[in-house]
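J.: Once you've had a glance at the structure underneath, I'll fire off some questions.
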Number of protein chains: 2
Amino acid sequence: MQYFMAKLKLHNLKFTPRRIAIIQLFLSNNIFTPEEIWNRLKKQFKKCGLPGVYRNLESLVECGILAKIHKIDRKRYYGLCSAKENIHHHHIICLQCGKVDDISDCFFEKKETIKGYKLISHYIQLNGICEGCLNK
Amino acid sequence: MQYFMAKLKLHNLKFTPRRIAIIQLFLSNNIFTPEEIWNRLKKQFKKCGLPGVYRNLESLVECGILAKIHKIDRKRYYGLCSAKENIHHHHIICLQCGKVDDISDCFFEKKETIKGYKLISHYIQLNGICEGCLNK
DNA sequence: CTCCTAAATAGAAATAGTTTCTATTTAATA
DNA sequence: TATTAAATAGAAACTATTTCTATTTAGGAG
Ligand SMILES: [Mn+2]
Ligand SMILES: [Mn+2]
Ligand SMILES: [Zn+2]
Ligand SMILES: [Zn+2]
């Protein structure tokens, strides 16, 4: 928790009860939608607004604690990002349990141009079944 | 156009005026949102519904004529997919003019496992500036 | 510890993008 | 030409997300 507190401080973000609770939910290494987070928070806090959850999730992404995860449905997903500081990396998601892991080898990181295009950015996401789920 | 007609036929989809017009818009090699397509179609057809545009764009993806493109905003984007049949590939988009090109080398295509995960699927999208825009 | 202020919050309302529904029309085949 | 599945418009519904306003709170300064 000290680790997260430091990251928040670095970005002038306060260490609030809501944020502590949200981070704790993500410590399971699962991915969640804003609404899923909200449903869980409502059990802990008698007052709890959905817009606040949205804002918090974005704040936590900004300071590198969470990562956005993409799925085919129209919802947003977030997962814990355990990579050190500003290291370029991508994520692999377990389609069964929602576990997230960092993938740090990236073929495109050093590439400057491809097919005549000057490369500006790229998005990669891998989906699979994690070791834990495979051994069940 | 014969080419597209054949692709549609293969999927039991009709070669309608709406679809012809939509394909023609994409022949510029640009990416468009459903609403952008709708705005252009409204100039050609006095009656033209947005739900129909949504349905058509999805149909055209299903039969391999269009590809879904992802951006950070909440909108859907589509672009012409010029790859032959079911060849595994990804896309690179010009951030300036919206041009789309196919990228066929894929590091992950043959990979079976990564970090203990059994790989099921992956999503890659490259963003850059195309040759045309660079030379302006 | 007390005061101060920027940051965080809830709740209501608004918005934007997308989907569903129903009745009508049309493309493609026989 | 007749038939029929597919396509369509338009209205309404829906869902995820954002904006707005007033109130509260975390964390630093004194
Ligand atoms: Mn990460
Ligand atoms: Mn393509
Ligand atoms: Zn990368
Ligand atoms: Zn690939």
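Read-outs throughout are calculated quantities, based only on the coordinates presented, and are distinct from any laboratory measurement. Since this is a predicted model, take the numbers as computed values, not measurements. We place every Cβ from the backbone using ideal geometry, glycine too, and count neighbours over all the protein chains shown.
J.: Only Cα pairs within less than 10 Å get springs; with that Gaussian network setup on chain A, which residue of A:Lys111, A:Lys99, A:Lys71 has the largest fluctuation?
T.: The residue that fluctuates most here is A:Lys111.
J.: Which residue, A:Ala83, A:Ile69, A:Ser121, has the largest displacement toward the positive end of the dipole of the stretch A:37-136 when charges sit on each Cβ (Lys, Arg +1; Asp, Glu -1)?
T.: Checking the options against the dipole of the stretch A:37-136, the answer is A:Ile69.
J.: Using only atoms on other chains, find how many Cβ atoms lie within 10 Å of each Cβ of peptide A:125-136 and report the average.
T.: Average neighbour count from other chains, rounded to a whole number: 5.
J.: Magnitude of the Cβ-charge dipole of the protein assembly as shown, K/R +1 and D/E -1, about the Cα centre, nearest 20 debye?
T.: Here the size comes out at about 1280 debye.
J.: Nearest 500 deg cm²/dmol is fine: what mean residue ellipticity at 222 nm does the protein assembly as shown get from its DSSP H runs of n ≥ 4 alone, each adding -39,500 (n - 2.57), divided by its residue count?
T.: About -10000 deg cm²/dmol.
J.: Oh, and also: Tell me, what is the Rg over Rh of the protein assembly as shown, with Rh the Kirkwood radius over Cα pairs?
T.: Reported Rg/Rh (Cα atoms, Kirkwood Rh): 1.01.
J.: At 7 Å along Cα-to-Cβ for each site, give me the label-to-label distance between B:Glu131 and A:Ile20 in nm.
T.: Label-label distance for B:Glu131 and A:Ile20, simple model: 5.9 nm.
J.: Hey, another quick one. Cα gyration tensor of the stretch B:1-72, axes a ≥ b ≥ c as square roots of the eigenvalues: rounded (a/c below 1.5), prolate (a/b > b/c) or oblate?
T.: oblate
J.: For the stretch A:48-63, take each phi angle, set θ = phi - 60°, evaluate the Karplus expression 6.51 cos²θ - 1.76 cosθ + 1.60, and give the result in whole Hz per residue in order, putting x for glycine and proline.
T.: 6, x, 5, x, x, 5, 4, 4, 5, 4, 5, 4, 5, 5, 4, 9
J.: Which residues make up the longest stretch of chain B clear of GluC sites (Glu not before Pro) that lie in a DSSP loop with no more than 10 other Cβ atoms within 10 Å, not counting the sites?
T.: In short, B:1-84.
J.: While we're looking at this one, here's another question. Each residue of the stretch B:128-136 in turn: what ³J(HN,Hα) in whole Hz from Karplus with 6.51, -1.76, 1.60 and θ = phi - 60°, glycine and Pro shown as x?
T.: x, 10, 6, 3, x, 5, 5, 8, 9
J.: Along Cα→Cβ at 7 Å, what distances in nm separate the B:Arg74 label point from those on the other copies, shortest first?
T.: Inter-copy label distances (nm, one decimal, shortest first): 1.0.
J.: Right, something else. Spelling out what I want: for every residue of the stretch A:77-90, take phi, set θ = phi - 60°, compute 6.51 cos²θ - 1.76 cosθ + 1.60 (Karplus), and round to whole Hz; glycine and proline get x.
T.: After applying 6.51 cos²θ - 1.76 cosθ + 1.60, I find 10, 10, x, 5, 10, 9, 5, 5, 4, 8, 7, 4, 6, 10 Hz.
J.: For the ranges A:101-108, B:22-29, what's the packing order if you count other beta-carbon atoms within 10 Å of each residue, average per peptide, and put the highest first?
T.: B:22-29, A:101-108
J.: What trypsin sites (Lys or Arg not before Pro) does the stretch A:10-40 have in DSSP loop regions with at most 12 other beta carbons within 10 Å?
T.: Answer in residue order: A:Lys14.
J.: Find, to one decimal place in angstroms, the Kirkwood hydrodynamic radius of the stretch A:2-134, where the mean of 1/r is taken over every pair of different Cα atoms and then inverted.
T.: With all distinct Cα pairs of the stretch A:2-134 included, I get 16.2 Å.
J.: Moving on to the next point. To the nearest 20 debye, what is the magnitude of the charge dipole of chain A about its Cα centre, counting +1 on the Cβ of each Lys and Arg and -1 on the Cβ of each Asp and Glu?
T.: With only Lys, Arg, Asp and Glu charged at Cβ, the dipole is about 680 debye.
J.: Moving on to the next point. How high is the relative contact order of chain A, in percent, with contacts defined as C-alpha pairs under 8 Å that are six or more residues apart?
T.: 20
J.: Then there is this: Given R₀ = 51 Å, what would the calculated FRET efficiency be for B:Lys115 paired with B:Lys46, taking r from the Cβ atoms and rounding to 0.05?
T.: Efficiency for this residue pair is about 0.35.
J.: Now, a different point. Can you list the copy-to-copy distances for A:Ile120, using a point 7 angstrom from Cα toward Cβ, in nanometres, shortest first?
T.: 3.3
J.: Once both labels are modelled 7 Å past Cα along the beta-carbon direction, what's the A:Ala6-B:Phe107 spacing in nm?
T.: Inter-label distance under the simple model: 2.9 nm.
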